[in-house]
């Protein structure tokens, strides 16, 4: 059995036995990403009002590019989600299409793209956002909608887009 499959199966078994971890995973996976974006824009607005629109534009451009690339990659190389392949319990239907491809993870790509975009402007705050992005990604694995490699694909995609926009645009 692939390491991806084994990890997903074991984590799902643990969650089935622990109600607190199940609820925490649902929060991390479904809601933390929204709170993360609200936090980013509130902090940007109150700390760098003069640069708020420029920094917001950088974040928005990176997010748009990541989103488009995820859509393209999912159409080129569709991959069934863990709950479909492994017959494990899917813990959430929130923001998941019934047959959506899992590679790369859009949640991971978007969350890490935001973190990478904030990092050069605010080092400490950027690190906090990257930690939150990691928690969002962990939640996606725990609820059975992504494999670890889906998450890693999203992270590398976000990092690549960030580096390219930083080199050639900003």
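The values are calculated or read from the model by the stated rules, or taken from the named source; none is laboratory data. All of these numbers come straight from a predicted model, not from anything done at the bench. Cβ placement follows ideal geometry from the backbone for every residue including glycine, while neighbour counts extend to all protein chains displayed.
Condition check ((1) under 18 Å from residue 58 (Cβ atoms); (2) part of a helix (DSSP H, G or I)) across all residues:
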| residue | (1), (2) |
| --- | --- |
| 104 | no, no |
| 107 | no, yes |
| 110 | yes, yes |
| 117 | yes, yes |
| 130 | yes, yes |
| 135 | no, yes |
| 138 | no, yes |
| 141 | no, yes |
| 152 | no, yes |
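Which one of these is out of contact with any strand residue (DSSP E or B) (no Cβ under 7 Å at 6 or more places or on another chain), under 18 Å from residue 33 (Cα atoms), surrounded by fewer than 17 Cβ atoms within 10 Å (Cβ to Cβ) and modelled with pLDDT of 95 or more: 151, 127?
Criteria check complete, one pass: 127.
Filter region 86-116 for residues that are crowded, with 16+ Cβ neighbours inside 10 Å and more than 14 Å from the chain's Cα centre (by Cα); which is modelled with the highest pLDDT?
101
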